[in-house]
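The values are calculated or read from the model by the stated rules, or taken from the named source; none is laboratory data. What you see is a predicted model, and the numbers here were worked out from it, not measured in a lab. No Cβ is skipped: glycine too gets one built from the backbone with ideal geometry, and neighbour counts run over all protein chains shown. Just so you know, the surface numbers come from the protein's heavy atoms only, side chains and all, with ligands and any DNA or RNA stripped out. Shrake-Rupley method; radii C 1.70, N 1.55, O 1.52, S 1.80 Å.
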Amino acid sequence: MTEPGTLILIMAVAVLAPLLAYRVARWVPVPLVIFEIVLGIVVGPDVLGWAEQDQFIEGLSDLGLTMLIFLAGYEIDFAAVRGDTLRRSLGAWLVTLAVGLGIAFALSGGEVTRSFVIGTALTSTALGTVLPVLRDSGDLRGPFGTVVLTFGAVGEFGPIVAMALLLSGRDPGRSTVLLLAFAAVTAVAVRLALRPRPAWFSGVVAETLHSSGQFAVRYVMFVLAAMLGLAHVFGLDTLLGAFAAGVISRLVLVGAAPHSSGEVMGRIEAMGFGFLVPVFFVVTGIDFDLSALLDDGRPLALLPAFLLLFLLVRGGPLYWLAPPGWPRRDRAALALHGSTCLPLVVAITTIGLDDEVIGAGEAAALVGAAMLSVLVFPLLALRLRAPGRDRAPTQPASAEGGSETW
């Protein structure tokens, strides 16, 4: 199919997917992304053969992944994700990384680069995929949602950092220096974002919000482009810049235009979830190598094994390092949400395929397991949470004299 025809087909799938999700929700709440990916597989080259990849579609898909990571970064409220909760989430991810790399090293027979690809893929959390589930279930703004966001943010940000250090193809020492330099520049940007904006800033945001000017939307897009460019200059993965841009944009908008920030981000989300993000997920389905998964028995056998590893390697540390006092149901729900992965697994396996480090079968098994994690884990978490949504306790006053909500 020609380039315009493929885009039309992708958008037709994007329109059909929420209709199917709405219908199926009467019986079981299947995440929308599953319909987008499965329909992408159906119209892709391995089934109907209607859609094919090209440079234009690939560029739109990359923008969709960038927007997904940006929105995940924007959701992080640093006023809530501090103290013991943040320390536990960092500890859980470091344990996950160590265990994941160890298991991958054993599975790959000691091949270091291949171990880095598989091990890093086992450590991620699809925060951008979990967010809509939490929002629709009413958990996003509660104590449970705050903890999931904190653990999920580290699970999203940590693998991006690991990709920069382990999968860049450069000397690890040089990669570390570049990463620290990027972190320093980002810290300066965050500090500037925290400074009070002049009075005219919020005025222009409010006055242009319902005009063709759209100052705030353009400002956010400028921040995103600037951070993507900065990551590129330092030779780092652009997803790192996208996540940082989300954090910075939230600090600027909430601090300078608190009354308009919600409406501004509603428009950014409409741009993302209405166009770019669905393109990414549908193209993920189109690119999924179904034949590599089915032609050989080994990849198909690896799929459930990887799914179990996602749960054990990522979910296990989350279960044990959940806030003290949490009941088992909430710990298990946190582990299931945290084990949900997909976008970064796609990105990491793409790097592995491009570098010829892993085979098409292994990549298909990893991505297939990640797709199943999106289908299965959030549904199980919702069932665990349903009997008592607000059970998660609230942390008492901290030793520093403040208070922190979990």
If each of residue 320 and residue 375 carries a label point 7 Å out from its Cα toward its Cβ, how far apart are those two points in nm?
-> 3.1
Does the range 110-239 come out rounded, prolate or oblate, given a ≥ b ≥ c as the square roots of the eigenvalues of its C-alpha gyration tensor, rounded meaning a/c under 1.5 and, failing that, prolate meaning a/b above b/c?
-> oblate
Based solely on its DSSP helices, what 222 nm [θ] is calculated for the chain when runs of n ≥ 4 H residues each add -39,500 (n - 2.57) and the sum is averaged over all residues, nearest 500 deg cm²/dmol?
-> -23500 deg cm²/dmol
Length-normalised contact order for the chain - Cα pairs under 8 Å, 6+ apart - percent | 27
Rh (Kirkwood; distinct C-alpha pairs) - the range 238-382, Å | 17.6
Given a 1.4 Å probe, the accessible area of the range 1-70 per residue, as a whole number of Å², is 52
Please give, to one decimal in nm, the separation of the simple spin-label points placed at residue 170 and residue 355, each 7 Å out from Cα toward the Cβ.
-> 1.4
Cα-only radius of gyration and Dmax that characterise the chain, units Å | 20.7, 64
How much length is gained on full extension from residue 187 to residue 26, taking 0.36 nm per residue of separation minus their Cα-Cα distance?
-> 53.3 nm
Give the peptides 200-209, 122-131, 92-101 in descending order of average Cβ contacts within 10 Å, highest first.
-> 122-131, 92-101, 200-209
How long is the gain from residue 195 to residue 221 if the chain were fully straight, where each residue apart is worth 0.36 nm and the alpha carbon distance is subtracted?
-> 7.4 nm
PRE reach from residue 19 (point 7 Å along Cα→Cβ): which of the range 270-286 fall under 18 Å by backbone N?
-> 274-275, 278-279, 282
For the range 78-199: relative contact order, % (alpha-carbon pairs under 8 angstrom, 6 or more apart) = 24
Please find the FRET efficiency linking residue 233 to residue 298, where r is the Cβ-Cβ separation and R0 is fixed at 51 Å, and quote it to the nearest 0.05.
-> 0.80
When you take every Cα atom in the range 1-114, what is the radius of gyration, and what is Dmax, the widest Cα pair distance, in Å?
-> 19.9, 53
Applying the Karplus parametrisation 6.51 cos²θ - 1.76 cosθ + 1.60 with θ = phi - 60° to the phi angles of the range 10-24, what ³J(HN,Hα) value in whole Hz is obtained for each residue in order, glycine and proline being reported as x?
-> 4, 6, 5, 5, 5, 6, 6, 4, x, 5, 5, 4, 5, 5, 5
Can you work out the base-10 log of I(q)/I(0) for the range 144-196 at q = 0.18 1/Å, using the Debye formula on its C-alpha atoms alone?
-> -0.76
Provide the per-residue ³J(HN,Hα) series for the range 253-264, in order, calculated from phi with Karplus coefficients 6.51, -1.76, 1.60 and θ = phi - 60°, each as a whole number of Hz, with x at glycine and proline positions.
-> 5, 5, x, 9, 9, x, 6, 10, 4, x, 5, 4
Order the following by accessible area, largest value first: 70, 116. Probe radius 1.4 Å; ligands, DNA and RNA are ignored.
-> 116, 70
Can you pull the accessible area of residue 371 for me, 1.4 Å probe, Å² to the nearest 10?
-> 20
Roughly what would the spin-label model give for residue 58 and residue 106, points 7 Å off Cα along C-beta, in nm?
-> 3.7
Of all accessible surface on the chain at a 1.4 Å probe, what whole percent is carbon and sulfur?
-> 66
For the range 180-197, in residue order, the Karplus 3J(HN,Hα) values (coefficients 6.51, -1.76, 1.60; θ = phi - 60°; whole Hz; Gly and Pro = x) are 5, 5, 5, 4, 5, 5, 5, 4, 5, 5, 5, 4, 5, 5, 7, 6, x, 7
